[in-house]
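Just below is one structure, and these are the notes that go with it.
The values are calculated or read from the model by the stated rules, or taken from the named source; none is laboratory data. Given the structure is predicted, the values throughout are model-derived calculations rather than measurements. As a convention, Cβ positions derive from the backbone with ideal geometry for all residues, glycine included, and neighbour counts pool all protein chains shown.
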Amino acid sequence: MYDFMNFIEDLVKYPKMEDIKPAIAKLEDYFHIGKIVIKSQEDLENYTYVFDDNLIEEPYMTFSHSNYDYLFYKKNDNYNFTEREKKEVLYVLRYLGIHNYISMMNANAEKGQFISANTKLPNIHGFMKKVNELTGRIDFKKYNSYFINIKGFGLVNNLFGTEQADKAIIQYANRLEAFANDDEIIGHLGGDNFIALIKRDRHKKFVDIVTMCPIKIENDGLKKTVNLIGVLGYYEIEMQKPDYGDLISNASMACQYARSNKKIIVKLTPEISEMLISAKKIENTFKEELEKGNFVVYYQPKFDIKSGKIIGVEALSRWISKGNVVPPGVFVPILERNGEIVNLDLFVLNNLCSDIHNYRNQGFRIVPASCNLSRRDFEDPNLEEKVINIIKNYNVRTEDIVIEVTETTNLEEKERLARFINTMNENGILTSIDDFGTGYSSLSVLRDFKVSEIKIDRSFINREELNDSDEIIIGSIIDMAKRLNIDVICEGVETKAQAEFLIGLGCNHAQGYLYSKPVPKLEFEAMMQRIGTVWD
């Protein structure tokens with residue numbers, strides 16, 4: 001009598017179907033008068049484990065399971081199986097069916113660990129696996145690694161829907177895969193992000209495909225051609241046996257830099273790498289540094305050009321790191337990109353209002369003080385409420401504070417800015433337009449925005465020689481503002497010649513290094529005592 005438990009134990013020993021022949025061979029010792037064949041119903045894959053050409057054409061017994069047929073053939077047509085033998089054959093076929101199904105599930109699960117479900121390209125694990133397989137076979141120093149992000153792909157999703165967007169990604173993936181040779185790799189990290197390992201001498205051809213790839217999309221029953229533009233960062237591999245993680249991380253840094261700086265192709269250089277590592281450090285430490293008090297408020301006075309007296313002051317953020325002052329040009333762009341700038345700006349406003357409150361209580365002299373808000377701040381729908389609450393919490397008089405906002409180049413942002421200014425006006429809070437003249441439509445700003453002040457951008461006077469054209473443009477801005485009862489101040493004044501030029505045009509207020517750089521609070525207080533204000 002055949003021991004079926006022994007057969008099951010043999011199956012467990014060989015979890016993969018391609019390794020199961022020893023278990024089948026043992027069956028032949030018992031079923032010496034038959035042969036088992038496993039065949040896919042879709043003819044995708046065939047397994048024949050006991051070879052014998054002298055078979056009856058029709059199988060004696062069949063068991064079907066999961067797109068597979070498990071067939072038992074007689075070797076001797078004259079032999080009649082007993083009922084018990086028939087049951088035993090059927091048991092064997094059933095066990096094989098279950099085992100085959102489990103084997104397929106395990107194989108699919110293992111395959112899924114290395115393959116992107118959507119595009120069937122290697123995922124990050126599959127990419128690394130293929131890189132490992134190429135090690136020793138190729139010279140990595142002749143290759144580039146790439147990180148690709150499809151520019152504005154969210155718009156494709158919004159316009160055509162998720163299903164069409166998925167199909168677009170598959171078409172893009174197919175184009176990249178068709179380009180790659182056997183000794184090159186294309187991977188899909190999910191979404192609209194791809195990675196690649198391509199020979200350096202094929203760089204230009206690869207770039208051409210990546211950066212402009214026409215694909216077909218169905219919309220309302222019609223097929224449309226959409227060009228997918230890949231933003232590409234790449235890294236020229238320098239080592240014969242590189243760190244596999246560097247292949248992706250270095251290319252990713254280059255792509256990140258490209259996206260942040262609105263470029264299409266960027267090669268990673270030591271300078272870019274150092275810059276991005278520094279930026280990441282700032283992102284990671286900002287909240288902790290803010291809580292520790294390492295961000296402080298500096299004050300830059302605004303002056304009356306004729307009298308040399310102080311007419312106001314602007315509060316600015318500075319980062320004190322290891323005893324050194326980090327310029328805002330280092331950390332502000334990074335915080336603007338990741339959206340943390342709103343927390344810094346509200347921190348400055350909070351500190352400014354606290355100082356104004358203390359000055360009032362101590363009987364110190366007060367000049368109107370301004371605080372600048374970034375464009376990114378206006379993505380917060382509750383910005384108005386937060387600003388008003390801070391001012392009210394410190395009982396700051398509305399005539400003592402000015403909120404500076406930056407003119408925008410975007411029509412949608414302009415509408416958001418208008419709502420903010422209107423709300424400030426409704427609450428009696430003064431507003432100023434910073435960097436005036438660089439935005440969407442400066443003339444319409446003067447007409448539409450009820451601001452108390454405009455600050456002419458430094459670019460208008462930051463020239464070696466100011467000519468007649470400068471005089472006409474700046475003079476017109478000053479004249480229009482005055483007629484609309486709007487104060488004018490020019491920022492970035494660094495020379496006496498610039499100051500005299502402004503006086504000649506009727507602009508009496510200035511801010512810049514000619515008068516004072518941003519200084520710590522105590523230094524500003526001493527300056528107030530020493531120089532005095534126009535109201536003294």
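Find the residue count for the stretch 325-375, including only residues that are surrounded by fewer than 14 Cβ atoms within 10 Å (Cβ to Cβ) and aromatic (Phe, Trp, Tyr).
Final tally of qualifying residues: 1.
Collect the residues in the stretch 149-166 that are over 21 Å from LYS263 (Cα atoms), part of a helix (DSSP H, G or I) and not aliphatic (A, V, I, L, M), keeping them in residue-number order.
If the condition is that a residue be over 21 Å from LYS263 (Cα atoms), part of a helix (DSSP H, G or I) and not aliphatic (A, V, I, L, M), then ASN157, ASN158, PHE160, THR162, GLU163, GLN164, ASP166 are the ones that fit.
Being crowded, with 17+ Cβ neighbours inside 10 Å and part of a strand (DSSP E or B) is the requirement here; does LEU176 meet it?
So LEU176 fails the test.
Can you list the helices (runs of 4 or more DSSP H) lying wholly within the stretch 301-405 that have 2 or more residues being farther than 29 Å from GLY532 by Cα and more than 30 Å from the chain's Cα centre (by Cα)?
Passing ranges, in order: 383-393.
Name the residue that is modelled with the lowest pLDDT, counting only residues in the stretch 290-332 that are touching a Ser or Thr at 6+ places or on another chain (Cβ under 7 Å) and among the charged types (D, E, K, R).
Here the answer is LYS309.
Sort out for me the helices (runs of 4 or more DSSP H) sitting completely within the stretch 411-530 that have 3 or more residues that are in the same structural domain as ALA369 (by TED's automatic domain parsing) and more than 25 Å from GLN300 (Cα to Cα).
411-426, 442-448, 468-483
Scan the stretch 481-516 for residues that are more than 20 Å from GLU471 (Cβ to Cβ) and out of contact with any strand residue (DSSP E or B) (no Cβ under 7 Å at 6 or more places or on another chain) and report the count.
Going through the stretch 481-516 one residue at a time, the tally reaches 3.
State which residue is modelled with the lowest pLDDT when the search covers only the stretch 205-236 and only residues that are hydrophobic (A, V, I, L, M, F, W, C) and buried (at least 21 other Cβ atoms within 10 Å of the Cβ).
LEU228
Of the residues that make up the stretch 203-221, is at least one touching an Asp or Glu at 6+ places or on another chain (Cβ under 7 Å), of a type in the set (Lys, Arg) and in a strand (DSSP E or B)?
Within the stretch 203-221, none of the residues are touching an Asp or Glu at 6+ places or on another chain (Cβ under 7 Å), of a type in the set (Lys, Arg) and in a strand (DSSP E or B).
Just to be sure, is TYR257 crowded, with 16+ Cβ neighbours inside 10 Å, in the same structural domain as ILE148 (by TED's automatic domain parsing) and in contact (Cβ under 8 Å) with a residue 24 or more places away in the chain?
Judged against the criteria, TYR257 is a match.
Surrounded by 15 or more Cβ atoms within 10 Å (Cβ to Cβ) and in a strand (DSSP E or B), is that true of ILE169?
Spelling it out, it is not the case that ILE169 is surrounded by 15 or more Cβ atoms within 10 Å (Cβ to Cβ) and in a strand (DSSP E or B).
I need every pair where a residue in the stretch 273-297 that is outside the structural domain of GLU236 (by TED's automatic domain parsing) and among the polar types (S, T, N, Q) has its Cβ under 6 Å from the Cβ of a residue that is surrounded by 13 or more Cβ atoms within 10 Å (Cβ to Cβ) and part of a strand (DSSP E or B), sequence separation at least 6 or different chains.
ASN294/ILE320
Of all residues in the stretch 98-148 being farther than 24 Å from THR211 by Cβ and part of a loop (DSSP other than H, G, I, E, B), which is modelled with the highest pLDDT?
ASP139
Checking CYS255 against (1) in a strand (DSSP E or B); (2) of a type outside the set (Gly, Ala, Ser); (3) at pLDDT 90 or above, which single condition isn't satisfied?
Going through the list (1) in a strand (DSSP E or B); (2) of a type outside the set (Gly, Ala, Ser); (3) at pLDDT 90 or above, CYS255 breaks only (1).
For the condition at negative phi and touching a residue at least 40 places away in the same chain (Cβ under 8 Å), what is the one hit in ILE489, ILE472, ILE478, ILE454?
Answer to the selection: ILE489.
Rundown of residues vs (1) within 21 Å of GLU404 (Cα to Cα); (2) of a type in the set (Phe, Trp, Tyr); (3) at pLDDT 90 or above, yes/no style:
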| site | (1), (2), (3) |
| --- | --- |
| GLU464 | no, no, no |
| SER469 | no, no, no |
| LEU502 | no, no, yes |
| PRO518 | yes, no, yes |
| GLU525 | no, no, yes |
| ILE531 | no, no, no |
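Go over the candidates ASN250, ASN219 one by one and state the one that is touching a helix residue (DSSP H, G or I) at 6+ places or on another chain (Cβ under 7 Å), of a type in the set (S, T, N, Q), touching a residue at least 40 places away in the same chain (Cβ under 8 Å) and not assigned by TED's automatic domain parsing to the domain that holds LEU349.
ASN219
Of all residues in the stretch 78-87, which are surrounded by fewer than 17 Cβ atoms within 10 Å (Cβ to Cβ) and either at pLDDT 75 or above or of a type in the set (Ser, Thr, Tyr) (or both)?
TYR79, ASN80, THR82, GLU83, ARG84, GLU85, LYS86, LYS87
If you take the residues of the stretch 398-432 that are acidic (Asp, Glu) and at pLDDT below 85, which of them is nearest to SER370 (Cα to Cα)?
Here the residue is GLU407.
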